Amino acid sequence: MIMSLLAVAFSAAIIVILGRGDPKRRRTAKLAGEGQSVRTRRLLSALACVPGLYCALAGDAAAFMIWLGGCAVAGWFVALGFGQTGQDLA
Amino acid sequence: MIHLQKEDTKLMVAVHGWSGILLGLLLYAVVITGMVAVFAEEIGIWSAGHVETRSAFERPFDQAIRTAAARTPPKYYEGADIFEIGDHNLGAFFHRHETEPDGEFVSRGIYYQFDREGRIVKAAHGTGEEVFGPRNDDALSSFLVDTHVRLHIPNPWGLILTGILGLAMLVAAISGLLIHRHLFKDIFTLRRKANPVLVDRDRHSVAGTWSLPFAFLLAFTGSFFSFFGTIGVPIVAMAAFGGDVQALNDAVFGNAAKPDTRPVAIGNLDRVAADALRRTGGAPTFVTIENFGRADAQITSFHEPKERGLEPQTLLYSGASGAFERVKPSIGKQPSAGGTLAAIMAPIHFGNFAGVLSKAIWFGLGFAMCYVTLTGLRLWLVRRREAARSLGWLERAVTVVGFGLPFALVACSAAFLLTMPLGSAVFWTPTAFVGASLLAIFGGMALRSNAVLDTGLQTATGAILALLPVLRLVTGGPGWGEALSVGQPIIVAVDIGLVLAGGWMLWRMHAARFLRGRDVAPALQPAE
């Protein structure tokens, strides 16, 4: 269970970073700066997948499913959280 | 992403929209009750104030089963299913398999319910369909599960309907994937003050994108369960076993052994359970005995998945001696990829493979899918608002179902808590649900504004949610001290969860008005 939690926490942290630097989100929220480059985002996305890959390679099916589901829920909540800061488009 | 031709995209948008709009409200009912049913076991413990933490299979039960068997006509020794009921008490169903004149395959026998000391408190004779039903102490969790599984429609039609709804969800997920051109580009974009179409579209697509893999998994596994017994088994039985469902069950799930009808007393079940616990690390969740009291009797014990795994564990014991024979695949005699896939369907659908953590995540995924369904319906409506005012009734129906259903669920929970101590929860739980649903429908017809209906239903739901723990304590449920002292923290956790959820709903609806004198935009913005 600890491994699952750590895996979800690590990927969720990367998802937060991805959300902060998301170019389209920043554009629609009229935030300063262009956000992360495509290359940075791809690297971060790959990094976010590392814990899941580790769980799969370690043969821990339960941890992998928890990681996958946890990332889905965390990602949605992160998007909702950023949405609360105000992303307006007339 | 996948780029379709313009015409193909339009077709997919139509398939996505119409599959959702035709079955969306029913699908929402199935998904929201499924989301809650993830915690059916915990809700059962919380609502009935169960304080026993040890499995019935960890306490002596051998003598209780022998006593019941002595009262049972040998014609029902073909199978004996043993499982837990209520507050870790025991239930046993001695039965035989029969085919009714109309061709329906049934199990008929005697269902015994035992108290904590292993005394028989109730015995009911009939088919499985007749004897298994909600009990006073599990009326609430049974109601939730039955709503999710078959919408309270009699078999097989309820299961077929929920199976079709699962397929509709699958169609919506696939078509949604095909029509969304910027799946990853839009994954964090939630515009709040744009025009209503964009606001609803963002909400729908962001939640849908994040939960997409699980929309596939849950829809597929849900449809599998619905169609397995109603369509799959009869078709395979017709094709390969001349319509004999029992022969199919014996071949696929049974333990084929040379028949030996000599009467031999069953082995010690307490020792079998202790051995199974030692081998798997957990008490059985279910035990079944084939040919009870015969020399060829066999005992199968079913267990939760082992740590780090998804596949439930199944052990086989000799019935006559109680000796361990082998680890049994869920399907067939040898382990197989198909058998493993079939075995992991249940843990993947129920999210119960890693305790409360996996259940909490599955609950969150269920919440996301409710959100996707509701925002999808609203998006479909808001896109047509200018063109077709006559769809106002549908918009109202979406609000009545979208927020009336959670309201009815919390109302029936309150009714359960009030009536369980009186012994009439089996009647009042569904009755309160129907009453609250009618109230929501009446509100939908009587109130002029959709927004007022929306606010009213959410406020009532939040208020009842926050009050449920108080109601539980007032009606005699165990206090936090008692629950914690017996090692049942789930009661405390559910209390806290309900107060937080109810408080959050009320805060979201009314906080800004109280604090600053202005309205807050609800998360699911009314499409008007």
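Using a Förster distance of 41 angstrom, determine the FRET efficiency expected from the C-beta separation of B:Thr459 and B:Trp18, and round it to 0.05.
The pair B:Thr459/B:Trp18 has a calculated efficiency of 0.80.
Determine ³J(HN,Hα), in whole Hz, for all residues of the range B:111-126 in sequence, where each value follows from phi through the Karplus function 6.51 cos²θ - 1.76 cosθ + 1.60 and θ = phi - 60°; x replaces Gly and Pro.
With the stated coefficients, the range B:111-126 comes to 9, 9, 10, 10, 8, 4, 8, x, 8, 6, 10, 7, 9, 10, 9, x Hz.
Any idea what angle helix B:269-280 forms with the longest principal axis of chain B, computed on alpha-carbon atoms, 0 to 90 degrees, nearest 10?
Relative to chain B, helix B:269-280 is tipped by roughly 50 degrees.
Which of B:Trp504, B:Thr9, B:Thr300 sits farthest toward the positive end of the charge dipole of the protein assembly as shown, with +1 on the Cβ of Lys and Arg and -1 on the Cβ of Asp and Glu?
B:Thr9
Would you please give the residues with an amide H less than 5 Å from that of B:Leu90, counting only those at least 5 places away or on a separate chain, with H modeled from the backbone geometry?
Result for B:Leu90 returns B:Ile85, B:Phe114.
Order by neighbour count: B:Glu7, B:Glu290, fewest other Cβ atoms within 10 Å first, most last.
So the residues, fewest neighbours to most, are B:Glu7, B:Glu290.
Quick one: angle between helix B:157-179 and the longest Cα principal axis of chain B, in degrees between 0 and 90, rounded to 10, please.
50 degrees
Give the distance, in whole Å, between the Cα centre of the range B:98-135 and the Cα centre of the range B:168-182.
Answer, in whole Å: 43.
Give, in whole angstrom and from largest to smallest, the semi-axes √(5λ) of the equivalent ellipsoid of the range B:390-448, with λ running over the eigenvalues of the Cα gyration tensor.
With the √(5λ) rule applied to the range B:390-448, the semi-axes are 28, 9, 7 Å.
Cβ under 14 Å from B:Phe302's Cβ, B:Phe302 left aside: what net charge do those residues give with Lys, Arg +1 and Asp, Glu -1?
Local net charge: -2.
Explain nothing, just compute: Karplus ³J(HN,Hα) = 6.51 cos²θ - 1.76 cosθ + 1.60, θ = phi - 60°, for every residue of the range B:492-503 in order, whole Hz, x for Gly and Pro.
My calculation for the range B:492-503 gives 5, 4, 5, 4, 4, x, 5, 5, 5, 5, x, x Hz in order.
Within the range A:1-17, what residues put their amide N at less than 14 Å from the label point 7 Å along the Cα-to-Cβ vector of A:Leu47?
From the range A:1-17, the list is A:10-17.
As a quick test, which of the pairs B:Lys185/B:Lys306; B:Lys75/B:Lys328; B:Lys122/B:Lys333; B:Lys75/B:Lys122 have an alpha carbon distance above 31 angstrom in this structure?
Pairs exceeding the cut-off: B:Lys185/B:Lys306; B:Lys122/B:Lys333.
Which percent of Cα pairs goes in each bin when the distances of the range B:283-374 are cut into 5 angstrom slices starting at zero?
For the range B:283-374, the pair-distance distribution reads 3, 13, 17, 19, 15, 12, 9, 6, 3, 2, 1, 0.
All other residues with a Cβ under 15 Å from the Cβ of B:Gly109 taken together, and with Lys, Arg as +1 and Asp, Glu as -1, what is their net charge?
For residues surrounding B:Gly109, the net value is -2.
If you take the alpha carbon radius of gyration of chain B and divide it by 2.2 N^0.38 Å, what ratio comes out, to two decimals?
1.06
Could you point to the residue in B:Ala69, B:Phe39, B:Val51 farthest towards the positive end of the range B:1-86's charge dipole, with +1 and -1 charges on the Cβ of Lys/Arg and Asp/Glu respectively?
B:Ala69
³J(HN,Hα) across the range B:88-96 via Karplus (A = 6.51, B = -1.76, C = 1.60, θ = phi - 60°), whole Hz, x for Gly/Pro?
6, 9, 10, x, 9, 10, 7, 8, 9
In degrees, nearest 10, range 0 to 90: what is the angle between the Cα axis of helix B:392-419 and the longest Cα principal axis of chain B?
Orientation of helix B:392-419: about 40 degrees from the principal axis.
I need the fraction of alpha carbon pairs in the protein assembly as shown separated by more than 35 Å, rounded to a whole percent.
When all Cα pairs of the protein assembly as shown are counted, 45 percent exceed 35 Å.
Under 12 Å from the Cβ of B:Trp380, count the other residues' Cβ atoms, weight Lys and Arg +1, Asp and Glu -1, and hand me the total.
Result for the neighbourhood of B:Trp380: +3.
Hey, what D do you get for the range B:239-321 in µm²/s if you plug the Kirkwood alpha-carbon radius into Stokes-Einstein at 25 °C and 0.890 mPa s?
Stokes-Einstein gives a translational diffusion coefficient of 175 µm²/s.
Work out which trypsin sites (Lys or Arg not before Pro) in chain B are exposed loop sites (DSSP not H, G, I, E or B, at most 12 other Cβ within 10 Å) and give the longest gap free of them.
So the longest stretch without any such site is B:194-447.
Values quoted throughout were computed directly from the atomic coordinates according to the rules given, and no laboratory measurement underlies them. None of the values given here were measured: they were computed from a predicted structure. In this analysis, Cβ positions are derived from the backbone assuming ideal geometry, glycine residues included, and neighbour counts consider all displayed protein chains.
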